[in-house]
Protein chains: 2
Amino acid sequence: MEKINFASKFEQFDELWSPRVIAQMNNYEFKLVKIKDEFVWHSHDHTDEVFVVLKGIINIEFEDRTVELNQGEMLVVPRGEKHKPFAREEAQILLVEPMGVVNTGQVESHLTAKNSQWI
Amino acid sequence: MEKINFASKFEQFDELWSPRVIAQMNNYEFKLVKIKDEFVWHSHDHTDEVFVVLKGIINIEFEDRTVELNQGEMLVVPRGEKHKPFAREEAQILLVEPMGVVNTGQVESHLTAKNSQWI
């Protein structure tokens, strides 16, 4: 049970769109991700997904609208909802979701990341 | 599905030690809390609990040590672990835990707060 400093953790990796697990709470994981440019359209059929912006600005595109999230803002993406995150400049986000969730959902992509990359 | 701005939400209440629910993800709640001075010793026997410091500095006292958390830091308090949060100056925190968790755990106190106070 060690405290976690987001800034120190972000210094430990540079790869974009590659979630790093920093904490587990029950069967949920807290993951840090650096993002820039476009991700892929995808959805998670079995779980909601929380995005918290820790640095920068991100956009989450949905089929009918785009939500811009600034530092200090969060969004719950409902299960099954197709979405595509993007960021014009590199941004740092915190994801909260159950263990085992694949970042690209049901879509296979070069951006599909390995799970359980703890730092 | 609306985005949530932490600062705007914190403007909507002043009461200390009184968690306000800002989001639900599956059966978990995200809660904002303002804290100052001492809470009560308690534990949550059925769940871990996540503390994220959004503003200020808090301390979480355990039976064998005290963890100081600054802005941009988080801690997972394991289920069953007795703890007592305190803050010398008012601080703002984000809690993540399953729906229905009582803030004082098994302890009845004047600080026991009502659940499901959405803002």
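List every residue whose amide H lies under 5 Å from the amide H of A:Gln117, counting only residues 5 or more places away in sequence or on a different chain, with H placed 1.01 Å from N in the peptide plane. Amide H to amide H, under 5 Å and 5 or more residues apart or across chains, A:Gln117 pairs with A:Val21.
Binning at 10 angstrom from zero up to the longest distance, how are the C-alpha pair distances of chain A distributed in percent? Over chain A, the share of Cα pairs per 10 Å bin runs 14, 50, 32, 3, 0 percent. For chain A, the relative contact order works out to 33 percent when only alpha carbon pairs closer than 8 Å and six or more residues apart are counted.
Each label point was placed 7 Å from the Cα along the Cα-to-Cβ direction; for A:Asn59 and B:Gln106 their separation is 5.2 nm.
Ordered by the count of other Cβ atoms within 10 Å of each Cβ, fewest first, A:Asp64, B:Asp37, B:Asp14 give A:Asp64, B:Asp14, B:Asp37. Counts of other chain beta carbons within 10 angstrom of each beta carbon in peptide A:19-27 average 4. Extending 7 Å from the Cα toward the beta-carbon at both A:Met1 and A:Gln117 defines two label points whose distance is 3.0 nm. Listing A:Arg79, B:Arg20, B:Arg88, A:Arg65 from fewest to most neighbouring C-beta atoms within 10 Å gives A:Arg65, B:Arg88, A:Arg79, B:Arg20.
Distance from the C-alpha centroid of region B:66-119 to that of region B:1-52: 7 Å, rounded to the whole angstrom.
Sorted from closest to farthest, the other copies place their A:Leu111 label points 4.4 nm away, with each point set 7 Å from Cα along Cα→Cβ. Distances between copies of B:Lys3, taken at a point 7 Å out from Cα along the Cα→Cβ vector and listed shortest first: 2.9 nm.
Neighbouring Cβ atoms from other chains, within 10 Å of the Cβ of residues in A:70-76, number 6 on average. Cross-link candidates for A:Lys31: which lysines have Cα within less than 16 Å, leaving aside residues fewer than 8 places away along the same chain? Here the lysines satisfying the reach criterion relative to A:Lys31 are A:Lys3, A:Lys9, A:Lys55, A:Lys114.
Each copy carries a label point for B:Glu81 at 7 Å from Cα toward Cβ; from one copy, the others' points are 3.2 nm away, ordered from shortest. Per the Debye calculation on the protein assembly as shown with a single equal scatterer at every Cα and no solvent contribution, log₁₀ I(q)/I(0) for q = 0.10 Å⁻¹ amounts to -0.45. Once you have a ≥ b ≥ c as the square roots of the Cα gyration tensor eigenvalues for region A:68-119, tell me rounded if a/c is under 1.5, and otherwise prolate or oblate according to whether a/b is larger than b/c. The shape class here is rounded.
None of the figures in this text is laboratory data; all of them are computed from the coordinates on show. Here the structure is a predicted model, which is why all the values come from computation and not from measurement. Using ideal geometry, Cβ is built from the backbone for each residue, glycine included, and neighbour counts are taken over all protein chains shown.
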